[in-house]
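Structure first, commentary second.
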Amino acid sequence: MSAATTDKAGEHFPDQRPDRELTYAEALVEAIAELMKDDPDFFVIGSYVLGLGPMRALFDQVRREYPMRVLDPPTAEIGFTGFGIGAAMNGLHVMVDLSTASFIFEAFPQVANEAANASYMSGGRLAVPIVFHFLHGLRGGGAAQHSHSPQAMLWNTPGLQIIMPSSPADVRGLLPAAIKSGNPTVFVDHSKLMPIKGIVSVSPKEIPLGVAEIKRSGSDVTVVATSYSVQQALPACDELASEGIEIELVDPRTVVPLDRRTILDSVSKTGRLVIVDETHRSCGVASEIAAIVSEEILEALKVPIIRVTVPDVPVPFSPVLERELDTTPERIAAAVRTQMMRKQLSRP
Amino acid sequence: MLPNLGKTDLVELLRKMLLVRRWEERLIRLAEEGPSFGHYHVYVGQETIGIPALAALRPTDLIFPTHRNHGYLLGRGADPGRLLAEILGKETGLNKGKAGTLHASAPELGIPHTSAIVGGIVPIAAGAALAAQVKGSDQVSVALFGDGATEEGVTFEALNIASLWKVPVIFLCENNTEEALGAAAGGYPKSVTAANDLGNIARSVGVPAVVVDGTDSGAVFTAMKVAAERARASGGPTFVEARVVRWPGSNPLWPELIAGETELRYAWEPEAAPELLIRWYRNQDGLLRYLREMLSASLLEKDEAKEIDSEIIQHVEAAVRFARESAYPPPESAYLDVFARPSQ
């Protein structure tokens, strides 16, 4: 895991080993293990960082190696979240794991009303280096109480950074950046990302917050997607490429801070925008991105924006019903085709 | 009973308590005069909890207050003018006018964060104790809250985790419910809880609990000393309930000087006090009790007390001038301090 080898004179040489393929879960655990190794003040409060799926055993290596710094709290979300915040105010670097995203509702007063406000209310004097981690979204059978994507609600709470990786390389680079940022940060993972494989550098670098990544370059339609929706958009990109439609797939990676420039530049180039995100439609992540593009570069849009989101109903249990609401590759491709077929907006 | 301290320290405690009393009384006058600075809470009548509690701790120990925070900020040495400026929303305020009366804090004085959400501060204070524990420091953290916070679930969760992890925290519950001392005789506290004895909530999860008369500065001091020593010796948390009868001026929705400012002579001539407050000043005001105890132990003369008082009144007037003359913050500063560290 070492980023570089060091000779006896203390000089650094680039690691010559080839990059590896890791699952998202492996990359996440590797990032946590590295933080544990490098930072004696780094603590994890919570037990199910990888969820309850088969990947969960990967986390046991961290637990075995650093038993004093992985704290298993009782089922008391508001209590242990508050503990994390207080510990962060007193010098620790804390990752509070809330497991399923819906459980953050049990801790909302501490996240939204304490951590998010603490710096501002102190006049900028108090840093709270804490990461709130959870697994959001449609996970297959989670139904109404275990499928939430609270990041839009949290985006409406100034004082929280919000990070939504979509690949093993991104989670590997973003988690250390989140912890080291020194600010309260919501780190949004998706349980369906956990088994996804991808290339991760053998000497991974931190990914700065607020820097989007163009996952595919294209000139016809900009698709902005977040978290697992990026993975759903990739097969849609392939399918549409075979139809001669070139998508530019933009992954903001963090919405607070948001790389507005990369989104606006892409839409200025393509003139068409589809936004894919698993928060519910109204006041969701897609709504805000649509509003920014409309306010900044309406004249660049050739056709109206389309949002592909989870509709405004609770998430049902039955696989057929859940799929009806999902931001599937089919829905994404259909939205892009609609964009290409629409008559261009006429302008005076 | 006075705290077990030497004369110099005891006089210093009196100074701090008088500063709190005079500063708060002046604040109520400022609120009456306007312009309004919003809803607020004063520490009048609880000085013999906070000031002796602070004296029982070390300066490196952390204090986490609530909406009723002025006494702790002043007690820890916050500048009275800057605290007042904060409450008036001025640039020179402790928190640059972003906190106000409800949320004022002073990280540099070991008061990192204040929460005006009932019970909100309790797990945070305990979490700060967790940090002290794992860093191996001998720091103690104090969660401050009123009886109302024992009605909140978050307080129970924090007590449970603190007990499981044996963190060095003191839960200092200032029970200022109207008839809290009456509750000691076996009745309900007036707060809306089915627990006859608030300490039982703590005891149910293995946190030892003690009750003290909050007007008895020595009892508060000793209870806090014992709790702090237990915490430093890895003995875990303690729940200290300090009971006072709420100052009648805090009974209305907004604080009122229902019988004017306190006069020190009420300590030795209780019959001189206004009818409305004669019982409170004679039996229930910890500050005047402290003064009487100082006088009867011959640690202070009446004239000395009056001299200290008039110095403090002048000090408070200087604070008022400072706060009034301070400028409001520039409007564009509203956009600053969202994040303590640069984001992006």
Seminar exercise, completed: If we keep only residues of the range A:10-57 that are modelled with pLDDT under 95 and assigned to a helix (DSSP H, G or I), then the residue nearest to residue A:107 (Cα to Cα) is A:56
Problem set entry | Condition met for residue A:51 (touching a helix residue (DSSP H, G or I) at 6+ places or on another chain (Cβ under 9 Å) and either on the phi > 0 side of the Ramachandran plot or not assigned by TED's automatic domain parsing to the domain that holds residue A:142 (or both)) | yes
For this session: Can you give me the number of residues within the range A:119-144 that are assigned to a loop (DSSP other than H, G, I, E, B) and more than 10 Å from chain B (Cβ to nearest Cβ)?
Result: 8
Exercise. So residue B:108 fits all but one of (1) in contact (Cβ under 8 Å) with a residue 12 or more places away in the chain; (2) within 14 Å of chain A (Cβ to nearest Cβ); (3) part of a helix (DSSP H, G or I); (4) over 13 Å from the mean Cα position of the chain (by Cα); what number is the exception?
Worked result: (1)
Seminar exercise, completed: Scanning the range A:317-328 for residues that are within 23 Å of the chain's Cα centre (by Cα) and in contact (Cβ under 8 Å) with a residue 24 or more places away in the chain gives A:322, A:325, A:326, A:327, A:328
Exercise. So which residues in the range B:34-74 are of a type in the set (Gly, Ala, Ser) and in contact with a strand residue (DSSP E or B) (Cβ under 9 Å, 6 or more places away or on another chain)?
Worked result: B:50, B:53
Exercise. Restricting the search to the range B:92-103, which residues are more than 8 Å from chain A (Cβ to nearest Cβ) and in contact with a Ser or Thr (Cβ under 6 Å, 6 or more places away or on another chain)?
Worked result: B:92
Exercise. Within the range A:329-343, is even one residue free of Cβ contacts under 8 Å to residues at least 60 places away in the same chain, part of a helix (DSSP H, G or I) and in contact with a strand residue (DSSP E or B) (Cβ under 6 Å, 6 or more places away or on another chain)?
Worked result: yes
Exercise. Listed residues A:220, A:189, A:265; which is without any contact (Cβ under 8 Å) to a residue 40 or more places away in the chain and away from chain B (no Cβ under 14 Å)?
Worked result: A:265
For this session: Determine, yes or no, whether residue A:330 is surrounded by fewer than 21 Cβ atoms within 10 Å (Cβ to Cβ), modelled with pLDDT of 95 or more and out of contact with any Lys or Arg (no Cβ under 8 Å at 6 or more places or on another chain).
Result: yes
Problem set entry | helices (runs of 4 or more DSSP H) wholly inside the range B:119-203 that include at least 3 residues being at pLDDT 95 or above, within 13 Å of another protein chain (Cβ to nearest Cβ) and under 27 Å from residue A:90 (Cα atoms) | B:122-135, B:153-165
Problem set entry | Subset of the range A:250-261 (residues that are surrounded by 24 or more Cβ atoms within 10 Å (Cβ to Cβ) and over 12 Å from the mean Cα position of the chain (by Cα)) | A:250
Exercise. Could we say that residue A:211 is under 30 Å from residue A:303 (Cβ atoms) and either assigned to a strand (DSSP E or B) or without any contact (Cβ under 8 Å) to a residue 60 or more places away in the chain (or both) here?
Worked result: yes
Seminar exercise, completed: Selection over the range B:1-49 where residues are out of contact with any Lys or Arg (no Cβ under 7 Å at 6 or more places or on another chain), without any contact (Cβ under 8 Å) to a residue 40 or more places away in the chain and under 28 Å from residue B:219 (Cα atoms) yields a count of 3
Seminar exercise, completed: Filtering the range A:14-72 for residues that are free of Cβ contacts under 8 Å to residues at least 60 places away in the same chain and within 19 Å of residue A:167 (Cα to Cα) leaves a count of 6
Seminar exercise, completed: The correct count of residues that are buried (at least 19 other Cβ atoms within 10 Å of the Cβ), of a type in the set (Asp, Glu) and part of a loop (DSSP other than H, G, I, E, B) in the range A:306-327 is 1
For this session: Only residues that are assigned to a loop (DSSP other than H, G, I, E, B) and either surrounded by 23 or more Cβ atoms within 10 Å (Cβ to Cβ) or within 15 Å of the chain's Cα centre (by Cα) (or both): list them for the range B:81-105, please.
Result: B:93, B:94, B:95, B:98, B:99, B:104, B:105
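Yes/no matrix, rows are residues, columns are (1) more than 14 Å from every other protein chain (Cβ to nearest Cβ); (2) in contact with a Phe, Trp or Tyr (Cβ under 8 Å, 6 or more places away or on another chain):
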{"site": "A:20", "(1), (2)": "yes, no"}
{"site": "A:26", "(1), (2)": "yes, no"}
{"site": "A:41", "(1), (2)": "no, no"}
{"site": "A:46", "(1), (2)": "no, yes"}
{"site": "A:52", "(1), (2)": "yes, no"}
{"site": "A:66", "(1), (2)": "no, no"}
{"site": "A:85", "(1), (2)": "no, no"}
{"site": "A:91", "(1), (2)": "no, no"}
Exercise. Does residue B:236 count as on the phi > 0 side of the Ramachandran plot and free of Cβ contacts under 8 Å to residues at least 24 places away in the same chain?
Worked result: no
For this session: Looking only at the range A:178-196, count how many residues are over 22 Å from residue A:114 (Cα atoms) and outside any strand (DSSP E or B).
Result: 6
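The values are calculated or read from the model by the stated rules, or taken from the named source; none is laboratory data. Note that the structure is predicted; figures quoted are calculated from it, not measured. Here Cβ is always computed from backbone atoms with ideal geometry, including for glycine, and neighbour counts include all displayed protein chains.
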